[in-house]
Amino acid sequence: MSTIEIPTKYDPSKTEDKWYAYWMEHEFFRSVPDEREPYTIVIPPPNVTGVLHMGHMLNNTIQDILVRRARMKGKNACWLPGTDHASIATEARVVAKLREQGIKKSDLSREEFMEHAWEWTHKHGGIILEQLKKLGASCDWDRTCFTMDPALSESVIAVFVDLYRSGYIYRGIRMVNWDPQAKTAISDEEVNYKEVNSKLYYVRYSIVGREGDYVTIATTRPETILGDTAVCVNPADPRYEHLKGCHVVVPMVNREVPVIFDPYVDMEFGTGALKITPAHDENDYRIGLDHQLEIIDIFNDDGTLSEKAGLFIGIDRFKARKLAVELLEKEGFLVKVEDYRNKVGYSERTDAVIEPKLSRQWFMRMQELAGPALDCVMNDDVQLIPAKFKNTYRHWMENIKDWCISRQLWWGHRIPAWYLPDGQVVVSFNEELALAEAREITGNEGLLLDDLTQDEDVLDTWFSSWLWPISVFDGIRNPDNPDIKYYYPTNDLITAPEILFFWVARMIIAGHEFMGEKPFRNVYLTGIVRDGQRRKMSKSLGNSPEPLELIAKYGADGVRVGMLLCSPAGNDLLFDNSLTEQGRNFGNKIWNAFRLVSGWRVDPKREQPETSKLAASLFSARLNQDISILEDHFGKYRLSDALMTVYKLFWDDFSSWYLEMIKPGFGEPVDPITMAEAKSFFEKMMLLLHPFMPFITEEIWQHIGERKPGDSIMKAQLPDPKPVDEAWIVRYDQLKEVAVFIRSVRAEKNISPKTSLSLHVVAHQTTYDPTLDPLLIKLLNINKIAINGTQPEGCSSQIIRSIEYFVPFDQPVDVEEELARIRKEIDYTRGFLQSVEKKLANDRFLSHASPQVVDLEKKKWADANAKLTALTDTLERLLGAEER
């Protein structure tokens, strides 16, 4: 193809939509079970409320790379997309929308509210999936799932019923994490603890019957004094022995409460005396149960003070804190206030400060279920990548607590529990079956549906998403269907470390409980996308670029490359726009190389020159070497390293070296064999690059060869690793080092590239291989190569792999300068040699390193030793010449 037919510049905006539509039209992303090996990824379902952010960009770029590569390896790749109903976030959005319309949630029936919620979901729910298409995500969109789809909802209900009947799910009053903004309980894992600047208030409680005698406590929450029902001290604390059997008066409310003794109290904290508020602190609650204390809940569900508080009724808890401090000070109970750093729990969803609260909730027993999920990660049946997260995972699983699975919301999967008039509970799949069971339990055939009341709460969102790898293939309802038998267990899960326990651990638990098998083989944990100041990117900080704007400016391929250039698994990505610019520039480099090759005129009668034959052998060896390296990188999930390998292969080896070696002279044609080889190499490069840069590689692949309608690079096979001819690799590396030396001589001596030079070669303890002499002559404008001659007068020299190269020129050589250079190189080589010798003398290194690594170190030693000998010979020769 001539350059006239190829645009001067690559324009992503003109190709990306075109090729994505082409892929969709031909259903290249579609997967159905067949005889091929499956490769399956289920997308971590983004919230239905969400729009694309930088974390999604990184996560989904990685998924798409793995999926596209699997297709090109001949596997039946299925990337299943979907969204999560996100109970808390979605309900908050809907409530806010209703508020704008002047409607309160409390004015609506549950059914009316759900209509609004579904309307909002249908309008906004698919936005993020459409945005992923701009990135090039090759998901099987026909399989798109939503956690509240009928089939998935039925699966959730079936699992709840099964676990309830197995004794794993129960209902009871427990201290829970209460989110006053969302007005719901949340699980322990949904609480983020932040270290904050607080105040420690020292408050005195008067001792009943001892006028003027007080006991002083320290608290960060003076408003909760209103709910105190005891003061507790350690029985081993001699300061408080005199208080046995005593009572104290709670300030502000004048309630008499007992002084109790419990070893839980830390004698070193504060004054060693602890106020006990059983309704609003988990440890206080345990102490309250042990000592049979009264429980006074002073908070409403929205975080305002209730009537039981007796004071500040209806006032927000933080304003009540200020009022309590003022009142304590006014009444003379406040002793002092100190600055204090402590950790405070915040809701992961709303960022509201969590309120410990006694509440009747549904819980799931986790300890027994967690056992198989812990074992399979510890024995690498499920591999965490990087493995450093195994210890964190083990700690959490060994200390797992029961999971609070109920939420006080309307949007979500309503708990399938019905209450009878006498308080009995029936758990079943639907209300008809619940009624039948209720009649059987009571013996009352006259019971009607109106006599049953369904639980108002919904299930925690994670209770549906923990089934995701199973329910998306309908494995709960139909465990023997073709999809679940073919695609499960899935291959790779790409997710963030912060939901390792929210989601990953629970999916592994569910997989073992309901499928008897792990849900995936590998978990690749991405880092967090941060800015140059190492701050997490967020819209609130204003440090997060708009992903679609980045794609519009740099192209999807450029953004994908930019995201991968510095994102090793488990480590944070320090993102800068210059990375995506580098990605775009790489695309331009590829395009310009394509235009260069396509613009060459072919003379069918022209024979292939020796230089082109040598170039093909050199690049073929390097290509095969890097294909093997790529296989290793992908096998170890080193995706950034894989990208950098193919990046350098194209930019350096292909463009800077191979194309220069075969480039015809100005105005001259190229022979047909060289052109065919160049196109073949170019096509292989596009195949290797396609998983990373799908759009530009499709565009070039379609042009570089004869294609039929329906053909696509997506369906082409990746090049397989072939044996590497190490002799050609050695020649190639030596050629590059010699070229760098000669070009540096030209630069230092200001010798024009048009001026031809002669090259003199002296082999030390080895034999010179002249195979690549034609390429040295062509690339470096060498007029002759003299082998094993005498050192010419007036020259620069360098030892490369035991071969000494001399470049003579007309200017006299500064012998002192040359001696200084050689002595410096001798010192460096000796130091390097010593470091290698130390490594080879280290038993620990020899016992842990692979034979290949040990052999490489031995080769380094041999090369360095030979170089040192040659340098010493040269030094002695120069010194002898100086004496003469």
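The values are calculated or read from the model by the stated rules, or taken from the named source; none is laboratory data. Keep in mind it's a predicted model, so treat the numbers as computed, not measured. So basically every Cβ, Gly included, is an ideal-geometry build from the backbone, and we count neighbours across all protein chains shown. Ligands, DNA and RNA are stripped out before the accessible areas are found, and what is left, the full protein with its side chains, is counted by its heavy atoms. Shrake-Rupley method; radii C 1.70, N 1.55, O 1.52, S 1.80 Å.
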For peptides 422-430, 136-144, sequence by mean Cβ density within 10 Å, most packed first: 136-144, 422-430
Accessible heavy-atom area order of Tyr487, Tyr340, highest first, probe of 1.4 Å: Tyr340, Tyr487
Within the stretch 583-619: backbone nitrogen closer than 14 Å to the Thr8 label point (7 Å, Cα to C-beta): 592
Per-residue ³J(HN,Hα) for the stretch 485-494, Karplus 6.51 cos²θ - 1.76 cosθ + 1.60, θ = phi - 60°, Hz, x for Gly and Pro: 6, 8, 8, 9, x, 6, 8, 10, 10, 10
Theoretical gain in end-to-end length, Glu111 to Asp34 [0.36 nm per residue, Cα-Cα removed]: 23.4 nm
Protein-only accessible surface order, largest first, of Ile385, Ile298, Ile673 at 1.4 Å: Ile673, Ile385, Ile298
For Asp492, solvent-accessible area (1.4 Å; no DNA, RNA or ligand), Å²: 10
Cut-off under 5 Å, modelled amide H: who pairs with Val382 long-range: Val377
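Normalising by the residue count of the chain, find the relative contact order in percent from Cα pairs under 8 Å and 6+ residues apart.
12
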Highest to lowest packing among 816-825, 636-645, scored as the average C-beta count within 10 Å: 636-645, 816-825
Listed candidates (i) 189; (ii) 245; (iii) 170 - label of the one calculated as volume of the Cα convex hull per residue in Å³: (ii)
Carbon plus sulfur fraction of accessible area for the chain, probe 1.4 Å, in percent: 49
Per-residue [θ]222 nm for the chain (sum of -39500 (n - 2.57) over DSSP H runs n ≥ 4, rounded to 500): -13500 deg cm²/dmol
For the stretch 271-341 and the stretch 455-527, distance of Cα centres in Å: 42
Among Val602, Gln702, Ala387 - extreme Cα towards positive end, dipole of the chain, charges at beta-carbon: Val602
Table column - 3J(HN,Hα) (Hz), the stretch 337-342, Karplus curve with 6.51, -1.76, 1.60, x for Gly and Pro: 10, 10, 5, 8, 9, 8
Residues whose placed amide H lies under 5 Å from that of Ile787, excluding near-sequence neighbours: Val761
Additional length obtainable on full extension of the chain from Glu456 to Gln101, 0.36 nm per residue less Cα span: 125.3 nm
Degrees separating the helix 639-648 axis from the principal Cα axis of the chain, which is the longest one: 20
With DNA, RNA and ligands ignored, accessible area of Lys485 (1.4 Å probe; Å², nearest 10): 140
Contact order normalised by residue count of the stretch 67-147, Cα under 8 Å, 6+ apart, percent: 55
Value of Rg/Rh across the stretch 420-499 [Cα atoms, Kirkwood radius]: 1.17
The stretch 248-380 - charge dipole about Cα centre, Lys and Arg +1 at Cβ, Asp and Glu -1, debye rounded to 20: 400
Fraction of beta bridges assigned by DSSP in the chain that are antiparallel (%, nearest 5): 70
Under-5 Å amide H pairs with Val248, H placed in peptide plane, nonlocal only: Val208, Val257, Val259
Dipole of the stretch 570-654 [Lys/Arg +1, Asp/Glu -1 at C-beta], most positive-end residue of Asn577, Tyr637, Trp591: Trp591
